[in-house]
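The values are calculated or read from the model by the stated rules, or taken from the named source; none is laboratory data. Remember, predicted model here, so these are calculated numbers, not experimental data. Positions of Cβ are generated from backbone atoms using ideal geometry, with glycine treated the same way; all protein chains shown enter the neighbour counts. For the accessible areas, the whole protein counts, side chains as well, though only heavy atoms, and no ligand, DNA or RNA atoms are used. Shrake-Rupley method; radii C 1.70, N 1.55, O 1.52, S 1.80 Å.
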Amino acid sequence: MKNKISTTLIVAIMLCLVSSCFLKKEHKDVDTFYTTNHFGQFHLLPLVKPITLSYDPSTKVWMLEDNHSLKHSIGIDSLIKIGVQKTYIYGKVHGWKDTIESYTSKDYVFLNKYGTIYGPSKNKKGITNEIQIYPTDSIHKIFIIPERWFVINIADSTTEAFFSKKEYKNYLKGKGVSGKMYNIESVKKEFVKTGIAPWFPEDIKMKLRE
């Protein structure tokens, strides 16, 4: 009796495995960039090749990963929304607090539009595309890094960044980009469920639906 039950269970398990193999769609004709959703513990959300978003469960932060493909590196994390249209990826870089231990009351600190901090320095003049930033707490040497906006064009691997939201919107308009934003968490849930993100090229969507 035990042998019969064991044989039946083995056959049932094999049938399940076989059927799951047939039901699972591998989409061999689709670039794996669009079908990969994990890298180790990190969740991945494909944007425009080769740019992805990755989620770090330890910090609970979404980060933009450029894989060193851009001409100008820009650190972008703590994202909640993202915009993707044609070859453009765009959005808002939230402000954050930073401590500059070497700062003194006689120093000057500058920030460029890509988020690089220059200083402390005794030189009170910045250069093009830099703004001076000031400590909100000079005793503890705490600075508020202001919010910025970014636009990445995958077609030529360039990045533009702005301190002004108005300039950012005008730039998108000039490129014929709507500025539509997507909630990352919502898109991620849909991507896990269907394997499709709303900004994927139409031919990729069709193949993934087959």
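Some points to look at:
- Exclusive hit being assigned to a strand (DSSP E or B), in contact (Cβ under 8 Å) with a residue 40 or more places away in the chain and over 22 Å from the mean Cα position of the chain (by Cα), set PHE150, PHE143: PHE143
- Restricting the first member to the range 188-210 and to residues that are farther than 23 Å from LYS81 by Cβ and touching a residue at least 24 places away in the same chain (Cβ under 8 Å), and the second to residues that are aliphatic (A, V, I, L, M) and in a loop (DSSP other than H, G, I, E, B), the beta-carbon pairs closer than 7 Å and six or more apart or on different chains are LYS207/VAL30; LEU208/VAL30; LEU208/ILE196.
- Matching entry among PHE191, PHE163, PHE150 (being open to solvent by less than 70 Å² (accessible area, probe 1.4 Å) and closer than 26 Å to SER105 by Cα): PHE163
- Residue check for VAL48: in a loop (DSSP other than H, G, I, E, B), among the β-branched types (Val, Ile, Thr) and either under 18 Å from ILE152 (Cα atoms) or modelled with pLDDT of 90 or more (or both): yes
- Residues in the range 190-208 that are outside any helix (DSSP H, G or I) and either more than 16 Å from ILE51 (Cα to Cα) or touching an Asp or Glu at 6+ places or on another chain (Cβ under 9 Å) (or both): 4 in all.
- ASP56 within 30 Å of ILE196 (Cβ to Cβ), surrounded by fewer than 16 Cβ atoms within 10 Å (Cβ to Cβ), modelled with pLDDT of 85 or more and not aromatic (Phe, Trp, Tyr): yes
- Those residues of the range 64-118 which are surrounded by fewer than 18 Cβ atoms within 10 Å (Cβ to Cβ), more than 22 Å from the chain's Cα centre (by Cα) and part of a strand (DSSP E or B), in sequence order: THR99, TYR108, TYR118
- Failed item in (1) at positive phi; (2) without any contact (Cβ under 8 Å) to a residue 60 or more places away in the chain; (3) open to solvent by less than 50 Å² (accessible area, probe 1.4 Å), with ASN129 passing the rest: (3)
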